[in-house]
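Heads up, the thing below is written out as structure tokens.
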Amino acid sequence: MLSFFRLNDPYRLLGLLILFLLISLPAFLYSPGITWPELSSLSIGQKIDEGFTPYSELIDSTPPLTQWMYGLTDWIVGDSFPARHSLAFLILFFQACYLGVVFISKKAFTENTYIPSLLFIILCSFSFDVLTLSGTLLASGFLLLAVHSFIKEIEFREPNDETLLKLGVYLSLASLSVFSYIIFFFAAQLILLLFTRSSLRRQLLFLTGFLLPHGFILIWYFYFDNQAALFDFFYQANLLVDEQLFVSTKTIFVLVGVPLFYLVFSLFILNRTVRLTNYQSQLLQAMFIWLIAGIVHLFFTRSFRPQSLLPLFPPLSFLLTHFLLSIRRKRFAEFHIWMLLLGILTTSTLTMKGYFETASYQTLLVQPEAKKFTGSSLLILDEHQTQYLYLPLANGFSEWRLCEPIFTNPNQYANLVLVKDQFALHQPAVIVDPHNLMQPFFKHLPTLEKDYVKQGAYYFLKNK
């Protein structure tokens, strides 16, 4: 297998597509279920497709580019999860191809090879939830463009303002897809300082490129007088709201056990035997810094799950490619690539089937329930939101961690106005209120209360 992808032949990418499809079949055919991030993306996409504006109308801390992507996805494929998984599959495949083409064009290795693309898709098979259409997937695409830009800077050593400006823009777009990816801005800055001619003017140009997309977002919201909502529900929420742990660290270590072993082994080999040009050595150090930034990012991500490791795969592919190319006997290199592939697939499948006591997807997966309600829409005032599988979110109260402070403070005038405006946008057919949070609001908003009849912990919209 390794010898097939070792050649610089674009037709090898067709073989890569077939291989990726084969190793992804277990995730497609035997997926354990829908994940909480997927359910959230479905609700957000439906509201964006209906015309809701992020933050001012849709209360959710998901970054703006990701919310708009969810809206576009809902417009294209609706609520079909198989279609969404297929789109994620294609995006990952094109990212793998792009990664290989970049390394070939920039002479990153002693050979022109598609082995990095092969390793990328093998690493992507370590967990079924990597094939999820998410902000992480979108942001990782922008990070690949950023990798291309800083490699160009290292390669030519000539001041190129356009490349530097693009690098800042790509990293900014990544942070507008996953906010914690702002860490890669500092990693890129360090790489520029160490391996390129970096003057104060060029650093300011790089910073300008990073600030431009954020500046456009700020100006847009300021124009419509919604800047307070942007700061509260995007910037402040992503900085201050606690991390959601959808899987345990033990689960992650089980899933990445095989790649982690090969990473440590490859670093040992590269430190001892590999001979590189000065340019290739600098690329190796730069990609190692990029890998460290990806690991640091895991401590700041808002949503910790297996797919959060996706930014680690390009630098991992780079380092492992150097390791495989350093093996002189080709049969030994073939042995290692097969061990890596079979080890990852075995670990992934056994974890998905629940064979490991220390590794579980239970907190990541939505546990199906019987459909409890009929109607056109639903509002759940609680963190337990499984019923959104069956009825769409009524208005903009999407992320409960942001909505809970609103509903637990009914005496604040701003909260009353917000609830009134949200119900004006769309009245829920059913309100699930296990903590009796709506009653104080109905006392202040009696016109809303007249529209509902209460039955236990539920409010049902009267037929008008």
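The values are calculated or read from the model by the stated rules, or taken from the named source; none is laboratory data. Keep in mind it's a predicted model, so treat the numbers as computed, not measured. Don't worry about glycine lacking a Cβ; one is built from the backbone with ideal geometry, like all the others, and counts go over all protein chains shown.
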Open item on the list: I'm trying to understand the selection: among the residues of region 183-208, which are under 23 Å from residue 291 (Cβ atoms) and in contact (Cβ under 8 Å) with a residue 40 or more places away in the chain?
Closed with: 183, 184, 186, 187, 188, 190, 191, 192, 194, 195, 196, 206
Open item on the list: Just the residues that are out of contact with any Asp or Glu (no Cβ under 7 Å at 6 or more places or on another chain) and surrounded by 17 or more Cβ atoms within 10 Å (Cβ to Cβ), please, taken from region 24-38.
Closed with: 24, 27, 31, 34, 36, 37, 38
- [ ] Check whether at least one residue in region 98-109 is under 25 Å from residue 425 (Cα atoms), assigned to a helix (DSSP H, G or I) and β-branched (Val, Ile, Thr), and report yes or no.
- [x] no
Open item on the list: Step by step: first the residues of region 366-395, then only those that are among the aromatic types (Phe, Trp, Tyr) and in contact (Cβ under 8 Å) with a residue 24 or more places away in the chain, then the one that is surrounded by the fewest Cβ atoms within 10 Å (Cβ to Cβ). Which residue is that?
Closed with: 373
TODO: Find the residue count for region 215-235, including only residues that are part of a helix (DSSP H, G or I), within 18 Å of residue 418 (Cα to Cα) and more than 18 Å from the chain's Cα centre (by Cα).
DONE: 8
Task: Yes/no for residue 363 being part of a loop (DSSP other than H, G, I, E, B), exposed (fewer than 13 other Cβ atoms within 10 Å of the Cβ) and either outside the structural domain of residue 128 (by TED's automatic domain parsing) or not hydroxyl-bearing (Ser, Thr, Tyr) (or both) - done: no
Task: Selected residue (only one of 430, 419 is in contact with a strand residue (DSSP E or B) (Cβ under 7 Å, 6 or more places away or on another chain) and outside the structural domain of residue 34 (by TED's automatic domain parsing)) - done: 430
Task: Selection count where residues are under 30 Å from residue 126 (Cα atoms) and either among the hydrophobic types (A, V, I, L, M, F, W, C) or in contact with a strand residue (DSSP E or B) (Cβ under 7 Å, 6 or more places away or on another chain) (or both), scope region 206-252 - done: 8
- [ ] For residue 87, work out the one condition from (1) surrounded by fewer than 24 Cβ atoms within 10 Å (Cβ to Cβ); (2) in contact with a His (Cβ under 8 Å, 6 or more places away or on another chain); (3) more than 12 Å from residue 20 (Cα to Cα) it doesn't fulfil.
- [x] (2)
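On the given criteria, is residue 268 out of contact with any Ser or Thr (no Cβ under 7 Å at 6 or more places or on another chain), at pLDDT 85 or above and surrounded by fewer than 14 Cβ atoms within 10 Å (Cβ to Cβ)?
no
Would you mind listing the helices (runs of 4 or more DSSP H) fully within region 1-71 where at least 2 residues are among the charged types (D, E, K, R) and under 23 Å from the mean Cα position of the chain (by Cα)?
On the way: elements: 2-5, 12-29, 36-49.
Correct list: 36-49.
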- [ ] Kindly indicate which of 167, 204, 211 is touching a Phe, Trp or Tyr at 6+ places or on another chain (Cβ under 7 Å) and in a helix (DSSP H, G or I).
- [x] 167
Open item on the list: Let me spell it out: the conditions are (1) at pLDDT 90 or above; (2) touching a helix residue (DSSP H, G or I) at 6+ places or on another chain (Cβ under 8 Å); (3) surrounded by fewer than 21 Cβ atoms within 10 Å (Cβ to Cβ); (4) more than 30 Å from residue 112 (Cα to Cα), and residue 51 meets all of them except one. Which number is the exception?
Closed with: (2)
- [ ] Among the candidates 5, 20, 28, 52, single out the residue that is over 19 Å from residue 179 (Cα atoms), in contact with a His (Cβ under 7 Å, 6 or more places away or on another chain) and either in contact (Cβ under 8 Å) with a residue 60 or more places away in the chain or polar (S, T, N, Q) (or both).
- [x] 28
